[in-house]
Amino acid sequence: MGRLTVVLGPNGAGKSVLLSLLAGLRKPTCGELLFKGGGMGRVSAKLLAAQIAWVPHQTSGGDFFPVEDAVGMGRIALGESRAATRAAAGRALAFFELTALAAAPLGALSGGQRRLVLFARAMAQLEGAKGGVLLLDEPDAHLDPAQAASLFGKLRLLVDQGLTVVAVLHDLNLAAEFADDAWLMQGGRLLATGAAGGVLTEANLSRVYGVKIGAVQGWQAG
């Protein structure tokens, strides 16, 4: 079983920078990032692509690509057959209830639908990965409350299957309801980490956000 970790903190705290470091898109100015016991800088790009998927906060372009092709792009670096890529894309689209949109161009989708396509692409990318890592920067952006709750319910299913999810969030209620662990950031530093129930306390949240915030409680997977 994997873990679902949320990264919380005010704007400018360094959450997105941390996520891009974990994705291998930035090099640390000091120290070393470790991936499965070895330095990330010494891991091949192909292996990283098979193990780590990153969904950024904002994307643009590609409006004329059919949804199915956009999802399949997540597997380009794996060097597999076109048939295998299409099959993986189909399973990811079905998981996110997007099959009916497979032939639609990205430009015809709503912001929320387009966001779900990005999640499907990341899922397709990690299909078959043992101990894969899914990095999400504000995954609830452009989603209404029902869509956001549905997304996190699906993420929990993936976590139960062994995927590790790290998500930058601003929604404390989503964090409390679905997260196993939480990291609180301020000024580029991690101020508190651990089980979500022990991190999302009134003292910690009020300190990080600079205003009085009550403790947030939700179910904990242990």
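The values are calculated or read from the model by the stated rules, or taken from the named source; none is laboratory data. Small disclaimer: the values here were computed from a predicted structure and weren't measured. Positions of Cβ are generated from backbone atoms using ideal geometry, with glycine treated the same way; all protein chains shown enter the neighbour counts. In case anyone asks, the SASA skips ligands and DNA or RNA and just uses the protein heavy atoms, side chains included. Shrake-Rupley method; radii C 1.70, N 1.55, O 1.52, S 1.80 Å.
Output the DSSP H helices from the chain with an along-axis C-alpha extent of no less than 24 Å and a mean Kyte-Doolittle hydropathy no less than 1.6.
Helix filter hits for the chain: none.
Taking a probe of 1.4 angstrom, what is the accessible area of LEU21 in Å², to the nearest 10?
40 Å²
Applying the Karplus parametrisation 6.51 cos²θ - 1.76 cosθ + 1.60 with θ = phi - 60° to the phi angles of region 63-77, what ³J(HN,Hα) value in whole Hz is obtained for each residue in order, glycine and proline being reported as x?
4, 8, 6, x, 3, 4, 5, 4, 5, x, 4, x, 10, 4, 5
For LEU163, which sequence-distant residues (separation of 5 or more, or a different chain) have an amide H within less than 5 Å of its own amide H, given hydrogens modelled in the peptide plane?
It is GLY2, by chain and number.
Label-point separation (nm) for HIS170 and ARG3, each offset 7 Å from Cα along Cα-to-Cβ?
My value for the distance between the label points is 2.7 nm.
Stretch ALA141-PHE64 to full length: gain in nm at 0.36 nm per residue minus the Cα-Cα span?
25.5 nm
Can you pull the semi-axes for region 28-137, root of five times each eigenvalue of the Cα gyration tensor, sorted largest first, whole Å? Mind showing how you got there, number by number?
Numbers: eigenvalues 145, 52, 25 Å².
Value: 27, 16, 11 Å, ordered largest first.
Express in % the proportion of alpha carbon pairs of region 1-71 at distances exceeding 19 Å. Provide the component values of the computation, followed by the final result.
On the way: 1267 of 2485 pairs.
Summing the P(r) of region 1-71 above 19 Å gives 51 percent of all pairs.
Would you tally the net charge around GLY9, using a Cβ to Cβ cut-off of less than 10 Å, leaving GLY9 out, and scoring K and R as +1, D and E as -1? All intermediate terms of the calculation are to be shown ahead of the outcome.
Numbers: positive: LYS15, ARG189; negative: none.
Its environment carries a net charge of +2.
For the chain, what is the mean residue ellipticity at 222 nm derived from helices alone (per DSSP H run of n ≥ 4: -39500 (n - 2.57); sum divided by total residues; nearest 500 deg cm²/dmol)?
Working: 9 runs with 86 residues, N = 222.
That comes out to -11000 deg cm²/dmol.
Taking the Cβ of ARG115 as the center, what net charge do the other residues with Cβ under 12 Å away carry, scoring Lys and Arg +1 and Asp and Glu -1?
On the way: positive: ARG114, ARG121; negative: ASP137, GLU138, ASP140, ASP144.
Once all neighbours under 12 Å are counted, the net charge is -2.
Counting alpha carbon pairs within less than 8 Å and at least 6 residues apart, what relative contact order, in whole percent, applies to the chain? Intermediate results must be reported in sequence, preceding the final value.
Values: 385 pairs, mean separation 67.8, N = 222.
Rounded, it is 31 percent for the chain.
Which three extents, in whole angstrom, do the alpha-carbon atoms of region 161-213 cover along their principal axes, largest first?
Cα spread of region 161-213 along its principal axes, largest to smallest: 37, 22, 18 Å.
Quick one: pull the percent of accessible area on region 40-138 belonging to carbon and sulfur, 1.4 Å probe, ligands and nucleic acids left out.
Values: 2780 of 4740 Å².
Of the solvent-accessible surface of region 40-138, carbon and sulfur hold 59 percent.
Restricting things to Cα coordinates, could you compute the convex hull volume per residue of region 114-222 in Å³? Each step should come with its number before you reach the end.
On the way: hull volume 12.3 nm³, N = 109.
Looking at region 114-222, the number lands at 113 Å³ per residue.
Over region 4-101, average the accessible area per residue using a 1.4 Å probe and give it in Å², no decimals.
Details: 5370 Å² over 98 residues.
I get 55 Å² per residue for this part.
Rank THR193, THR29, THR85, THR164 by accessible area, highest first, at a 1.4 Å probe radius?
THR29, THR193, THR164, THR85
Of the peptides 107-117, 130-140, 47-57, 30-40, how do they stack up when ordered by the mean number of other Cβ atoms within 10 Å, highest first?
Working: 107-117: 16.7, 130-140: 20.6, 47-57: 18.5, 30-40: 10.7.
For the peptides 107-117, 130-140, 47-57, 30-40, the packing ranking is 130-140, 47-57, 107-117, 30-40.
Restricting everything to alpha-carbon atoms, can you work out Rg to Rh for the chain with a Kirkwood hydrodynamic radius?
Numbers: Rg = 17.5 Å, Rh = 18.1 Å.
Radius of gyration over Kirkwood radius for the chain works out to 0.97.
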